[in-house]
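Asks: Okay, handing you the structure first.
Each reported figure results from applying straightforward, stated rules to the coordinates on display, with no laboratory input. This one's a predicted model, so the numbers in the text were calculated from it and none came from an experiment. Neighbour counts run over all protein chains shown; Cβ positions are idealised from the backbone, glycine included.
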Amino acid sequence: MDLARVIWLIGAALLFVFLWRVGVGMLRSMTTPLPPPPPEGELRKVNVKFRCSVCGLEIKTMLAPEEDPEPPRHCLEDMDLVAPVE
């Protein structure tokens, strides 16, 4: 066997091991259960944007005590929900 074939076989084996580990890792990540929700009163991660209907100020809420936070007030009015941030 010449040197080029040996290098090809070693490279193929390394690529196979890498792809195998990535595939197994992806399958394991899909089968792990989600953690339970935090107790009431603790902050949760949320991504919600609000816009002031008077002046146009936009804010992004990232932490809130509940999944669907109430809109904050700005310019003495409740802010409008823009859309959840993806």
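Asks: Given Cα pairs under 8 Å that are at least 6 residues apart, what percent is the relative contact order of region 21-74?
Replies: Working: 45 pairs, mean separation 16.2, N = 54.
Relative CO of region 21-74 lands at 30 percent.
Asks: Using alpha carbons only, how many degrees (0 to 90, rounded to 10) separate the axis of helix 3-31 from the longest principal axis of the chain?
Replies: 30 degrees
Asks: Quick one: if you take sqrt(5λ) for each eigenvalue of the C-alpha gyration tensor of region 44-84, what semi-axes come out, biggest first, whole angstrom?
Replies: 18, 10, 7
Asks: Before rounding to the nearest 500, sum -39500 (n - 2.57) across all DSSP H runs of length at least 4 in the chain and divide by the residue total; then give [θ] at 222 nm in deg cm²/dmol. It would help to have the intermediate numbers written out before the result.
Replies: Working: 1 runs with 29 residues, N = 86.
Rounded to the nearest 500, the figure is -12000 deg cm²/dmol.
Asks: On to the next question. Where the only charges are on Cβ atoms (+1 Lys, Arg; -1 Asp, Glu), what is the dipole of the chain about its Cα centre, to the nearest 20 debye?
Replies: So the magnitude is around 680 debye.
Asks: Run the numbers for residue 60 and residue 26: contour at 0.36 nm per residue of separation, minus the present Cα-Cα distance, in nm.
Replies: Between residue 60 and residue 26, full extension yields an extra 9.1 nm.
Asks: Further question: For semi-axes √(5λ) of the Cα gyration tensor in Å, pick the label among [x] 22, 15, 11; [y] 46, 20, 9; [z] 52, 19, 7 that corresponds to the value derived from the coordinates.
Replies: Only one listed value fits the structure, namely [z].
Asks: Of 12, 26, 81, whose Cα points farthest to the positive end of the dipole of the chain (charges on the beta-carbon: +1 Lys, Arg; -1 Asp, Glu; origin at the Cα centre)?
Replies: Working it through, the farthest residue towards the positive pole turns out to be 12.
Asks: Taking only C-alpha pairs under 8 Å that are 6+ residues apart, what is the relative contact order of region 44-84 in percent?
Replies: 49 percent
Asks: Taking H as built 1.01 Å from N, whose amide H comes closer than 5 Å to the amide H of residue 46, not counting residues under 5 places away?
Replies: 63, 64
Asks: Taking Cα centroids, how far is region 1-42 from region 50-66 in Å?
Replies: Here the answer is 40 Å between Cα centres.
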